[in-house]
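Can you read through this structure? Questions will come right after.
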Amino acid sequence: MDGGELKLYGMWASPYVLRVRLALKLKGLDYEYVEENLANKSAALLRLNPVHRKVPVLLHGDRPIAESAVILEYIDETWPRRFPLMPTDPRERAAVRFWCHFGSDKLGPSVMAIFRSTGEAQRAAVGEAGENLKLLDIELSEGFFRGRKFFGGEKLGFLDIVLGCGSHWFHVVEEMVGEDLSEDFPSFTRWLREFEAQPEVREVLPPSDRLLDYVRGVRQCLLNQA
Ligand SMILES: N[C@@H](CCC(=O)N[C@@H](CS)C(=O)NCC(=O)O)C(=O)O
């Protein structure tokens, strides 16, 4: 492997770790996987990511890289000819980066707020997450990426990985609020179905019942802390 062996420090339910696993899978790169206990982080993780102390961390030879979007860019730039993830056109790259930021600054936090709340506050959080999801739905049907199967075109691309690896939590939200939300977001739902049907995605996604149990446990901890 160019520049040394790859080792990924992760946690099975983390959507950020999933991004890296999917990118490595699409690129056909082998790596050693180290499952972290986030309640008792290893000395190696704390040494490799002293700033954020979070997973994922990718170790390439003796070089640690942290922050999932940074890791994806690193992987794509280091192995550019295997399944390219970032488009080459500057306008399209800007659109990809814009919606990546939207995912981490607006959509993700609004979905997390659903898990942290109950009753009236939870209904408000579902409303806000719904508004954000509608923006993404409109982008898919009318925006820069309209008419495409994936954000990346006919194949998965950088933005599909970034948004898709958190989007399977959509089903967890549906389960939690007890509603089928697919009709409210038709373009998003179509894209998500295509994403989840990809063989590489199916290989890395955790089973939804295991994820649901995990989210219920995390939600209980968050509510106990509130
Ligand atoms: N912005 C980071 C977020 C990573 C993140 O939040 N990781 C969580 C797991 S999903 C974590 O390691 N949490 C441990 C902690 O907060 O102590 C990225 O994109 O990699």
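The values are calculated or read from the model by the stated rules, or taken from the named source; none is laboratory data. What you see is a predicted model, and the numbers here were worked out from it, not measured in a lab. Don't worry about glycine lacking a Cβ; one is built from the backbone with ideal geometry, like all the others, and counts go over all protein chains shown. SASA here: full protein model, heavy atoms, side chains in, ligands and nucleic acids out. Shrake-Rupley method; radii C 1.70, N 1.55, O 1.52, S 1.80 Å.
Give the long-range amide H neighbours of G152: residues separated by 5 or more places, or on another chain, with amide H under 5 Å away, using H modelled in the peptide plane at 1.01 Å from N.
G157, D160
With every protein chain left in place and a probe of 1.4 Å, what is the accessible surface of R63, to the nearest 10 Å²?
The accessible area comes out at roughly 110 Å².
Ignoring ligands and nucleic acids, what accessible area does T189 show with a 1.4 Å probe (Å², nearest 10)?
Number for this one is 10 Å².
For a Förster distance of 35 Å, can you work out the FRET efficiency between the beta-carbons of N40 and E196, rounded to the nearest 0.05?
0.65
Over the chain, give the accessible area per residue in Å² for a 1.4 Å probe, as an integer.
Counting only protein heavy atoms, the per-residue value for the chain is 52 Å².
Where both partners of a DSSP beta bridge lie in the chain, what percent of those bridges are antiparallel, to the nearest 5?
The answer is about 70 percent antiparallel.
If you don't mind, there's one more thing I want to ask. Roughly to the nearest percent, how much of the accessible area of the chain is carbon and sulfur, given a 1.4 Å probe?
Answer for the chain is 50 percent, counting heavy atoms of protein chains only.
Roughly speaking, what is the centre-to-centre gap between the range 160-214 and the range 1-54 when only Cα atoms are used, to the nearest Å?
22 Å
Here is the link list: K7/K41; K54/K149; K27/K106; K7/K149; K7/K106. Which ones come out longer than 27 Å on Cα distance?
Check vs 27 Å cut-off fails for K54/K149; K27/K106; K7/K149; K7/K106.
In whole percent, what relative contact order does the range 52-143 give with Cα contacts below 8 Å and a gap of six or more residues?
13 percent
I'd like the accessible area for D2: 1.4 Å probe, protein heavy atoms, all chains in place, Å² to the nearest 10.
Here the accessible area works out near 90 Å².
Roughly how compact is the range 1-127, stated as its Cα Rg over 2.2 N^0.38 Å to two decimals?
So the Cα radius of gyration is 1.20 times the expected 2.2 N^0.38 Å.
Now for a different question. Compute and list, largest first, the equivalent-ellipsoid semi-axes of the chain from the alpha carbon gyration tensor, each √(5λ) rounded to a whole angstrom.
Listed largest to smallest, the semi-axes of the chain are 28, 24, 15 Å.
Taking square-rooted eigenvalues a ≥ b ≥ c of the alpha carbon gyration tensor, is the range 1-67 rounded, prolate or oblate, where a/c under 1.5 means rounded and, failing that, a/b exceeding b/c means prolate?
The shape class here is oblate.
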